[in-house]
1. For T336, are the conditions met, namely being assigned to a loop (DSSP other than H, G, I, E, B), crowded, with 16+ Cβ neighbours inside 10 Å and either among the hydrophobic types (A, V, I, L, M, F, W, C) or more than 16 Å from the ligand (Cβ to nearest atom) (or both)?
2. Kindly provide the set of residues from the range 119-132 that are more than 13 Å from Q179 (Cβ to Cβ) and either of a type in the set (S, T, N, Q) or under 31 Å from the mean Cα position of the chain (by Cα) (or both), ordered by number.
3. Within the range 265-317, which residues are touching a Lys or Arg at 6+ places or on another chain (Cβ under 8 Å) and away from the ligand (no atom under 16 Å from the Cβ)?
4. Out of V71, V88, V99, V79, which single residue is touching a His at 6+ places or on another chain (Cβ under 7 Å), in the same structural domain as D22 (by TED's automatic domain parsing) and not in a strand (DSSP E or B)?
5. Collect the residues in the range 449-471 that are under 12 Å from I409 (Cβ atoms) and within 16 Å of the ligand (Cβ to nearest atom), keeping them in residue-number order.
6. Just for the range 484-522: of the residues that are β-branched (V, I, T) and within 16 Å of the ligand (Cβ to nearest atom), which one is modelled with the highest pLDDT?
7. Within the range 404-424, is there a residue that is in contact with an Asp or Glu (Cβ under 8 Å, 6 or more places away or on another chain), farther than 30 Å from G312 by Cα, aliphatic (A, V, I, L, M) and surrounded by 17 or more Cβ atoms within 10 Å (Cβ to Cβ)?
8. Considering the range 234-293 alone, what residues qualify as being small (G, A, S) and over 26 Å from the mean Cα position of the chain (by Cα)?
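The values are calculated or read from the model by the stated rules, or taken from the named source; none is laboratory data. Quick caveat, the model's predicted, so the values are computed rather than measured. All Cβ positions, glycine included, derive from the backbone under ideal geometry; neighbour counts span all protein chains shown.
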Amino acid sequence: MTRPASGNASGKGHYEKVLVLDLGAQYAQLIARRVREAHFYSEIVRGAIGADEVMSHNPSAIILSGGPASVYADDAVEVDAEILRLGVPVLGICYGHQVIAHALGGVVERTGSGEYGRTRLQLENPSLLFDGLPESHDVWMSHGDAVVKPPPGFRVTASTGSSPVAAMQDDENRLYGVQFHPEVHHSPRGQEVLKHFLHNAAGLMPSWTNASIIEESVEAVRTRVGGARAMCALSGGVDSSVAAALVHKAIGDQLTCVFVDHGLLRHEEAAEVIDTFAGHFDMRLIHVDAADRFLAALAGVEDPEEKRRIIGETFIRVFEEVAQGLEETSYLVQGTLYPDVIESGSGEAAKIKSHHNVGGLPEEMDFQLIEPLRDLFKDEVRAVGSELGLPEEIVWRQPFPGPGLAVRIIGEVTAERLEILRAADDIITDEIRKAGLERELWQYFGVLLGIRSVGVQGDGRTYAHPLVVRAVSSEDAMTADWARLPYPLLDRISARVINEVAGINRVALDISSKPPATIEWE
Ligand code: XMP
């Protein structure tokens with residue numbers, strides 16, 4: 001038995017590549033996403049790589065990201081100045097702008113004041129980057145040091161109150177620098193600046209579209225798999241669903257999807273997955289209804305970690321049993337995304353994040369991995385899913401933990417409690433959707449507490465469970481803020497849950513952010 005071998009099933013051969021050098025700020029991913037939104041293909045690499053390694057990527061344009069350091073700091077990421085002499089167009093952003101100035105003989109100084117937040121940019125001289133933009137407009141700044149003198153061969157194209165060289169360029173060598181952050185929404189014309197760099201200055205053609213992503217991935221999967229068989233563990237979540245749809249488009253019936261229903265899913269979720277994949281897509285789908293087996297394994301268990309362990313282990317056992325019954329299968333499809341594989345962090349400390357296993361699959365299986373979403377960001381995955389014809393409910397599904405509702409029932413998980421939580425959760429979802437908030441929120445759901453409290457309904461005393469409403473906004477689930485839901489909406493949720501769901505007589509609201517709380521309760 002071996003660990004699964006990883007393989008990239010998407011060939012990026014003919015795309016012009018924009019290489020984003022990560023100089024250590026949190027902005028590199030955002031820059032890469034904005035470049036993709038403009039329909040150019042981008043990849044992120046560590047900022048400390050040398051010019052030779054840069055050239056091995058065959059980039060058509062290079063962007064130096066922002067970074068936390070001063071060019072004079074001991075821990076500053078050192079950029080190989082040869083990168084600026086490769087003849088490839090370069091755009092330096094914020095710290096990247098200062099790196100260009102410093103490396104080529106300009107002057108970077110600690111001005112003492114710095115600029116943070118919204119700042120007025122004044123255009124000084126004509127520049128391809130600012131084509132058609134107002135002489136003066138707002139941009140987003142976040143820097144202490146400033147370029148006060150451009151290197152020889154550069155001319156100043158914009159300034160601000162505290163940055164005499166807020167933008168500069170060397171036309172002959174196609175080197176550009178901007179002190180502000182064009183990639184953030186707070187720079188309203190920033191996306192135009194990025195596009196102008198890529199199209200006008202670097203001469204690239206926008207060709208990275210959903211249709212072309214699908215076409216390429218399908219072709220790559222077909223070539224790789226040939227006549228062999230593949231399987232995919234479907235969870236009903238966005239990533240595994242889009243990966244399955246993409247691979248199915250490529251190899252049709254050579255793909256078998258396995259949907260292990262652990263009975264811990266939300267209202268009608270299992271039926272939706274089956275309707276979509278077996279019905280609409282006519283996919284070979286093995287549906288294992290293992291709800292009883294999971295419930296039996298969870299009987300009497302209250303400890304959160306123990307619940308997770310039991311669910312993970314049961315999942316693996318069920319999956320292995322199914323896999324053994326299948327015809328010879330060489331490939332396993334996984335919905336790994338680009339953020340999972342990006343070299344994270346900055347400078348020498350950078351390391352590649354380990355892949356997460358969809359649904360906690362066995363580590364020791366004799367499969368080669370197909371990861372058709374390996375190059376995509378979440379928003380691209382959603383767009384590809386829509387283009388492939390997946391229903392909105394799946395494409396826009398909120399993140400859902402692998403152990404499902406089991407970690408949203410505090411205390412023992414029983415069939416009765418699952419029914420109660422499912423009904424209440426469905427009301428929350430319904431009301432949030434009616435209020436038009438589902439795309440604004442990262443997650444919204446109910447948590448059923450194992451304790452009971454006294455209430456009065458009709459003429460009688462009740463002694464039933466409280467439900468907690470948990471709704472958060474977040475960018476990436478690493479941090480989250482509790483959502484300020486409107487009072488009338490909370491009122492409707494509370495009234496409906498208490499009136500319509502037997503077993504709940506009280507509704508509470510979770511107003512904790514992450515950290516120090518987590519999004520899920522267990
Ligand atoms: P926490 O609760 O740690 O959750 O703030 C962060 C994000 O991860 C999701 N989550 C999980 N996802 N398996 C998953 O696939 C899990 O065991 C799991 N636990 C939490 C959670 O819903 C949130 O989006």
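1. Values: assigned to a loop (DSSP other than H, G, I, E, B): yes; crowded, with 16+ Cβ neighbours inside 10 Å: yes; either among the hydrophobic types (A, V, I, L, M, F, W, C) or more than 16 Å from the ligand (Cβ to nearest atom) (or both): no.
Here the answer is no, as T336 does not meet what is asked.
2. Passing the criteria: N125, S127, F130.
3. Our first condition is that a residue be touching a Lys or Arg at 6+ places or on another chain (Cβ under 8 Å); within the range 265-317, this holds for 266-267, 298, 301, 314.
Within the range 265-317, H267 is the sole residue that qualifies.
4. Values: V88 fails: touching a His at 6+ places or on another chain (Cβ under 7 Å); V99 fails: touching a His at 6+ places or on another chain (Cβ under 7 Å); V79 fails: touching a His at 6+ places or on another chain (Cβ under 7 Å).
None of the other options fit; the residue is V71.
5. V468
6. In the first step, residues of the range 484-522 are kept if they are β-branched (V, I, T); the result is 493, 497-498, 501, 504, 507, 511, 518-519.
Subsequent filtering for residues that are within 16 Å of the ligand (Cβ to nearest atom) retains 511, 518-519.
On the way: I511: 98, T518: 95, I519: 95.
It comes out as I511.
7. no
8. Taking the range 234-293 and keeping what is small (G, A, S), we get 235-237, 240-241, 243-245, 250, 252, 263, 270-271, 278-279, 290-291.
Within the range 234-293, G252, G263, A271, A278, G279, A290, A291 qualify.
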